[in-house]
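The values are calculated or read from the model by the stated rules, or taken from the named source; none is laboratory data. Note that the structure is predicted; figures quoted are calculated from it, not measured. Neighbour counts are summed over all protein chains in view; Cβ atoms, including those assigned to glycine, are modelled from backbone coordinates with ideal geometry. Ligands, DNA and RNA are stripped out before the accessible areas are found, and what is left, the full protein with its side chains, is counted by its heavy atoms. Shrake-Rupley method; radii C 1.70, N 1.55, O 1.52, S 1.80 Å.
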Amino acid sequence: MRTGEPGRGVTAVVGGGAAGIAAAKALVEAGLPVLGVERAASLGGLWRLDDDTASYEGLRLNTSKPRTEFSDFPMPAEWPDYPTRAQMLEYLRSYADRFGVGEHFRFGTTLESARRIGGRTGDGWELELTGPGGPYRETVEHLVVANGHNHEPLLPEPPYPGTFTGTASHAHDYVTPADLAGRRVLVVGTGNSAMDIAAELADHASAVLLSARRGVWVLPKRLLGRPSDQLNGALAALLPWRVRQVVSQAVLRVADRKPAGPRLPAPRRGVLQDHPTLSDSVPRLIAEGRVLARQGIARLDGSRVHFADGRVDEVDHIVWCTGYRAVTPFLDAATAPDPASMLLYRHVFPIGDDTISYVGLMQSTGSALPVVEAQGRLVAAVRAGTHRLPDPGTARRIAAAELDAARDRWGQRRPHMRIDVDQYLRVMDRELRASPSRALAGRRILVTGAAGTFGRAMSARFTALGARVVGLDIARPGDSDIPIIACDITSQESVDAAVTEAAALLGGIDLLVNNAGRGGPAPAELAPGEEVEAQLRLNLLGAWRVTATVMPHLVRTRGRVVFVASRMAVLPLPLAAAYGVSKRALAAYADALRLEVGTHVGVTTVYPSMVRSPIHDSTRQAGLSLDAVSRPEPVEGVVDAIVRAVTARRAPRDVATTVRGRVEMMVGRHAPSLADRLVRRTVAARVAAGDFANAPLAAGMVSRHRS
């Protein structure tokens, strides 16, 4: 058996499904060496239609697009609310391509076993692999187990009494309803697979029976005009789960439009204490008699199935939709005796052991994709040394408390794996924000005005967070820490050449920050001169020109664009009309752009107040300083706000950089008359104090205030 040399510090990721892709992507962005292992010939996991997957032709998402997609890769707007299996496979592969994940995987390769080197925690792992060239070994420092838990079918234990002489299969083997055409089929289970399969068979089988051992919540796909999972998502930010449950069940009762007729048994537990099933068609098919609701199986008798209520039916075939057993066949029993019953810190790390992690070993109340994305980021942060796990005692107390809460809510049905997706994501977000991170690792960012005060500070922060940054500016300074391309953004020819060069240097563009700006005195009562035209050309048209030129890159990468406007865009000040007007127009341009490209590109406008920088020098020289009108704020605070905006799960629309700024924006937008009075009062006080005595451009305003 040959031995490979993957290199020191390598993290092995086992599995090429959503969990493995998310973990590998996070590790790659953190600059860490990754060895991905996938036994299939391509990425995609359970969404591949193959003999070794649980997928079937009619499979669809049971969570809606916004509640499913990765934070930095929106699903296409033209896709349905609940994408198909083929669309999900396309999405995962596009995501992997976008972030260069596939090149780190070895396909057609099976992990036969993973053993600790020397049998000790901390010494790394020896992997026995079988690839296209035969068996071989590798050694790695860390093992990420992301192999999924929908591989080994779980059949009823103990088996039902009696013997069934018909045929039987598990949902894992189901592909199309045509395979069971003309037969009397009993579908056992009430999960999403059972509902999908029963609905598909209704048009092909001679009879379809659906056996429910217990009641289950069957939710409609749309509720109050929106995908039903979005109601709970909206409430999750405000209410604890017990209160949410009361509200959700009240809404369901009000909106219940199930047709009259037979129904499945009523659930005994609350809607948030179970794993609800999503189906619009099954309740209708049961009411119409096209799917026959049955209780749990009591015993089997040849071709006859006896149910708990005494009913007996002839059945040709049974489809067991009874779930899967979580297994890690490549790990020994000492490492993972029962994967579904392990106490893990944040459902990722065994207590006191940071040499192995689990991504995707959970049952979520919502989509798995945001969860595995967060778990992958945690693994990458720990591996990169930017996040430290708590000591074993603290980690155990936290994990045990979460387990107790899960038992209280879900009972004894896999409590170790249960998570409330909204609560979990909030906890993980707080945990990762509490330590330094490379939140922008791998992002390719273009910054205009990169040689100025904001530009330098932003570029330094972006670089520290792992991004690759290229700047545009009118001149190329000799002391810049990033590549800066000389560019006059008021010239389309110059912009075309500069953007082409920047995209070549970066290999594409994921984020554009329109920061270039020009300020200066320009009273609104005077005819517009060269200064007014210069500010409009740069602040508005320059940003427009660069954005339009970069847009094909941003659409291709599902990127973002940030406009650095000004508080003066919503709270205008006198004597600086050109700047206020240009920034208000810039915000209006951002709003229009969002309506056009917002399906593919995030658009954010940031509104700083005043930062002491050379942009205000000409205003001061004209005797029109804003120092007494607008409270200065530190550059770093503005950069913090921009970083929060570009790392947010969804691109925020408008971002104020301070609490005072949020109040000013609220007043400016919702109480403009009050805002005008406040500004006039401040200006009158400054005139009375003689602040504009030596400012010729303010002479008209001063005389009117004194008359």
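Bin all alpha-carbon pair distances of the range 259-412 at 5 Å intervals from 0 and give each bin's fraction as a whole percent.
1, 7, 11, 14, 15, 12, 10, 9, 8, 6, 4, 2, 0
For the range 1-96, state what percent of all Cα-Cα pairs lands in each successive 10 Å bin, counting from 0 Å until the bin that includes the largest distance.
15, 41, 30, 11, 3, 0
Mind checking the dipole of the range 435-507: about its Cα centre, +1 per Lys or Arg Cβ, -1 per Asp or Glu Cβ, Debye to the nearest 20?
480 debye
At 0.36 nm per residue, and after removing the present C-alpha to C-alpha distance, how many nm does the segment from HIS275 to ARG311 gain when stretched out fully?
Using 0.36 nm per residue and subtracting the Cα-Cα distance, I get 10.2 nm.
Pick out, from ALA199, LEU432, PRO634, the residue whose Cα sits farthest towards the positive end of the charge dipole of the chain, with +1 on the Cβ of Lys and Arg and -1 on the Cβ of Asp and Glu.
PRO634
Of the lysine pairs in the chain, how many meet both conditions: Cα atoms under 27 Å apart, and a spacing of 8 or more in sequence or different chains?
4
Charges on Cβ only, +1 for Lys and Arg, -1 for Asp and Glu, centred on the Cα centroid of the chain; of ALA450, ALA293, HIS705, which one is farthest towards the dipole's positive end?
HIS705
Which one, GLY45, GLY118, THR84, is farthest towards the positive end of the dipole of the range 44-119 when Lys and Arg carry +1 and Asp and Glu -1 on their Cβ?
After comparing all options, I get GLY118.
Stick to Cα atoms and the Kirkwood definition of Rh, then tell me Rg/Rh for the range 326-473.
My calculation of the ratio gives 1.10.
What is the magnitude of the charge dipole of the chain about its Cα centre, with +1 placed on the Cβ of each Lys and Arg, -1 on the Cβ of each Asp and Glu, and no other charges, expressed in debye to the nearest 20?
2320 debye
Please report, as a whole percent, how much of the solvent-accessible surface of the chain comes from carbon and sulfur atoms (probe radius 1.4 Å).
With neighbouring chains kept in place, the figure for the chain is 53 percent.
Applying the Karplus parametrisation 6.51 cos²θ - 1.76 cosθ + 1.60 with θ = phi - 60° to the phi angles of the range 442-457, what ³J(HN,Hα) value in whole Hz is obtained for each residue in order, glycine and proline being reported as x?
x, 6, 10, 10, 10, 10, 8, x, 6, 8, x, 4, 5, x, 5, 5
Please give the charge dipole size of the range 25-141, origin at the Cα centre, charges +1 on K and R Cβ atoms and -1 on D and E Cβ atoms. Round to the nearest 20 debye.
Result for the range 25-141 is approximately 180 debye, rounded to the nearest 20.
Taking the Cβ of SER303 as the centre, find all other residues whose Cβ is under 10 Å away and add up their charges (Lys, Arg: +1; Asp, Glu: -1).
Charge balance near SER303 sits at -2.
Which stretch or stretches of the range 124-155 have amide N atoms under 11 Å from the point lying 7 Å from ARG115's Cα along the Cα→Cβ direction?
Counting backbone N atoms under 11 Å from the label point, the list is 126-128.
Return, ordered by residue number, the residues of the range 57-74 whose backbone nitrogen is under 15 Å from a label point located 7 Å along Cα→Cβ of ASP179.
Once the point is set 7 Å along Cα→Cβ of ASP179, 57-59 turn out to lie under 15 Å by backbone N, inside the range 57-74.
Based on the Cβ-Cβ distance from ASP408 to ALA486, what FRET efficiency comes out when R0 is 60 Å, to the nearest 0.05?
0.40
Can you run phi through the Karplus equation (6.51, -1.76, 1.60; θ = phi - 60°) for the range 144-159 and list ³J(HN,Hα) in whole Hz, with x for Gly and Pro?
The phi angles translate into 9, 8, 9, 7, x, 9, 10, 10, 9, x, 10, 9, x, 10, x, x Hz.
Given axes a ≥ b ≥ c from the Cα gyration tensor, I'd like to know whether the range 335-396 is rounded (a/c under 1.5), prolate (a/b larger than b/c) or oblate.
In terms of gyration-tensor shape, oblate.
How much of the DSSP beta bridge set in the chain is antiparallel, as a percent to the nearest 5?
Just about 30 percent of them are antiparallel.
Hey, what D do you get for the range 369-420 in µm²/s if you plug the Kirkwood alpha-carbon radius into Stokes-Einstein at 10 °C and 1.306 mPa s?
Here the translational diffusion coefficient equals 126 µm²/s.
Given a 1.4 angstrom probe, what's the average accessible area per residue across the chain, in square angstrom?
Solvent-accessible surface per residue comes out at 44 Å².
Just the number, please: Stokes-Einstein D of the chain in µm²/s, Kirkwood Rh from C-alpha pairs, 37 °C, 0.692 mPa s.
The estimated diffusion coefficient comes to 114 µm²/s.
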